[in-house]
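In what follows, a structure is listed as C-alpha cells, so that the remarks can point back to it.
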Amino acid sequence: MARRSVTYAQLVEKLAAIGVEETERNLRNKVSRGKFTAGFLLQCLAALGTEHLQLG
C-alpha cells in the first residue's frame, strides 16, 4: 500500500471492484493485527494490481 500510495479507503474501493466486501475499519484492524488469511493477502495484491511478487 505504501509503495503504491494507496490509502485504506482506496483499498476498500479496489477490493469492492473485485467483489470483496470489506469495511475500512475491518481492513485497518486486520492489517494492524497482522492476522489475515493468505487468500485475503492475495485478494489485496490483486486489487492493488500486483503482477509480480518476489519472495526472499
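Would you mind stating whether Q43 is open to solvent by 70 Å² or more (accessible area, probe 1.4 Å) and in contact (Cβ under 8 Å) with a residue 12 or more places away in the chain?
yes
When the residues of the range 1-19 are narrowed to those that are touching a residue at least 24 places away in the same chain (Cβ under 8 Å) and either more than 11 Å from the chain's Cα centre (by Cα) or more than 9 Å from A47 (Cα to Cα) (or both), which ends up least open to solvent (accessible area, probe 1.4 Å)?
Applying the filter and picking the extreme gives V6.
Hey, K35 hits all of (1) modelled with pLDDT of 95 or more; (2) surrounded by fewer than 10 Cβ atoms within 10 Å (Cβ to Cβ) but one; which does it fall short on?
The one condition K35 does not meet is (1).
So M1 fits all but one of (1) in a helix (DSSP H, G or I); (2) touching a Ser or Thr at 6+ places or on another chain (Cβ under 9 Å); what number is the exception?
Only one criterion in (1) in a helix (DSSP H, G or I); (2) touching a Ser or Thr at 6+ places or on another chain (Cβ under 9 Å) is unmet by M1, namely (1).
The values are calculated or read from the model by the stated rules, or taken from the named source; none is laboratory data. This one's a predicted model, so the numbers in the text were calculated from it and none came from an experiment. So basically every Cβ, Gly included, is an ideal-geometry build from the backbone, and we count neighbours across all protein chains shown. In case anyone asks, the SASA skips ligands and DNA or RNA and just uses the protein heavy atoms, side chains included. Shrake-Rupley method; radii C 1.70, N 1.55, O 1.52, S 1.80 Å.
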